[in-house]
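Asker: Below is a structure I'd like to ask you about.
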Amino acid sequence: MVVLNWLETVIKLLAGLCLFAVFALVTAQVASRFLFNFSLAAASELSIYAMIWSVFLGAAVAFRHQGHIAMDIVKTRLPPTLDKIANVVIFLVLAVFLCLITVKGYELSQRAMMQRSPAAGLPVGYIAFAMPVGSVLALIFLIENLLNTLRTDVAND
């Protein structure tokens, strides 16, 4: 789907920018220590926050490509009918889990908006907001995978 391909491209771009920020901030931190004997406390803190956002954005892309580690020893030995049932159960468990992380992550980010990070002074809620954003994106891609699987099953039957 064109919209989801565009969404994935934007997510990859943002995750890449976050990783570049990690690289740039850590490099600046190391250079300032060795060259100027001065520590950039905010750089260390911001690099951690950028890494958190990168992980949650990257996890959503991994959901789209089913790139997460799977324990499928039992599932691969199931007959086709039970395999389809197992796929539905797995989808439901993942969907509930992602919805839970979305709701609780949003609540956490709202509570954390009043708290400031020690060195950079940013509201901590912006960092915690990576959880619901990444979970909603993962849920979108999970639903896409389910629809693709259903289309394939209907076409094969």
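Asker: Considering (1) part of a loop (DSSP other than H, G, I, E, B); (2) of a type in the set (Val, Ile, Thr); (3) within 21 Å of ILE127 (Cβ to Cβ), say which one ILE52 fails and leave the rest.
Answerer: It fails just one condition, (1).
Asker: Hey, another quick one. How do the pairs read when you match residues in the range 56-70 that are assigned to a helix (DSSP H, G or I) with residues anywhere that are of a type outside the set (Lys, Arg) and at pLDDT below 85, using Cβ under 6 Å and keeping only pairs 6 or more apart or on different chains?
Answerer: ALA62/HIS68
Asker: Now a separate question. Scan the range 11-22 for residues that are hydrophobic (A, V, I, L, M, F, W, C) and either touching a Ser or Thr at 6+ places or on another chain (Cβ under 8 Å) or surrounded by 12 or more Cβ atoms within 10 Å (Cβ to Cβ) (or both) and jot them down.
Answerer: Hits for the range 11-22 are ILE11, LEU14, ALA15, LEU17, CYS18, LEU19, PHE20, ALA21, VAL22.
Asker: Which residues, counting only those in the range 121-157, are in contact with a helix residue (DSSP H, G or I) (Cβ under 6 Å, 6 or more places away or on another chain), hydrophobic (A, V, I, L, M, F, W, C) and under 19 Å from LEU14 (Cβ atoms)?
Answerer: ILE127, ALA128, PHE129, ALA130, MET131, VAL136, LEU137, ALA138, LEU139, PHE141, listed by residue number.
Asker: Cβ contacts < 8 Å: first residue free of Cβ contacts under 8 Å to residues at least 60 places away in the same chain and open to solvent by less than 70 Å² (accessible area, probe 1.4 Å), restricted to the range 102-118; second residue assigned to a helix (DSSP H, G or I) and among the acidic types (Asp, Glu), any location; separation 6+ or different chain. Result?
Answerer: none
Asker: Give the number of residues within the range 54-69 that are farther than 8 Å from ALA138 by Cα and either crowded, with 18+ Cβ neighbours inside 10 Å or not small (Gly, Ala, Ser) (or both).
Answerer: 9
Asker: Still on this model: Does any residue of the range 39-47 turn out to be over 18 Å from ALA120 (Cβ atoms) and either aliphatic (A, V, I, L, M) or in a helix (DSSP H, G or I) (or both)?
Answerer: Checked against the condition, which is being over 18 Å from ALA120 (Cβ atoms) and either aliphatic (A, V, I, L, M) or in a helix (DSSP H, G or I) (or both), the range 39-47 yields no hits at all.
Asker: Among the candidates VAL96, VAL89, which residue alone is open to solvent by 30 Å² or more (accessible area, probe 1.4 Å), of a type outside the set (Lys, Arg) and more than 22 Å from ASP153 (Cα to Cα)?
Answerer: So the residue among VAL96, VAL89 that is open to solvent by 30 Å² or more (accessible area, probe 1.4 Å), of a type outside the set (Lys, Arg) and more than 22 Å from ASP153 (Cα to Cα) is VAL96.
The values are calculated or read from the model by the stated rules, or taken from the named source; none is laboratory data. Being a predicted model, the structure only gives us computed values, none of them experimental. Backbone-built Cβ (ideal geometry, glycine too); neighbour counts: all protein chains shown. Side chains are part of the model used for accessible areas, which takes the heavy atoms of the whole protein and leaves out ligands, DNA and RNA. Shrake-Rupley method; radii C 1.70, N 1.55, O 1.52, S 1.80 Å.
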